[in-house]
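Structure first, commentary second.
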């Protein structure tokens, strides 16, 4: 179950498999590994978007900042 909520600060930290399969998508969604942001939207309970509309990746690709 998604542990994040709107307003949480997170770091985009996809695993190696995600990087290998989805690296082209990072450019399209303006998000790259190591980026930090505030969650502004969560779709279908699992897909996280950051403060300026970046994102759309599953919550498992993020970890808490700090």
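Here are the numbers for the structure shown:
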{"quantity": "Any pair with Cβ under 8 angstrom, 6 or more apart, that starts in segment 11-35 at a residue that is within 19 Å of residue 65 (Cα to Cα) and ends at one that is exposed (fewer than 10 other Cβ atoms within 10 Å of the Cβ) and at pLDDT 70 or above", "calculated": "11/34; 12/34; 13/34"}
{"quantity": "Members of segment 2-43 that are in a loop (DSSP other than H, G, I, E, B), loosely packed, with under 13 Cβ neighbours inside 10 Å and either under 11 Å from the mean Cα position of the chain (by Cα) or at pLDDT below 95 (or both)", "calculated": "15, 30, 34"}
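The values are calculated or read from the model by the stated rules, or taken from the named source; none is laboratory data. On a predicted model such as this, the values are computed, not experimentally measured, just so you know. Neighbour counts are summed over all protein chains in view; Cβ atoms, including those assigned to glycine, are modelled from backbone coordinates with ideal geometry.
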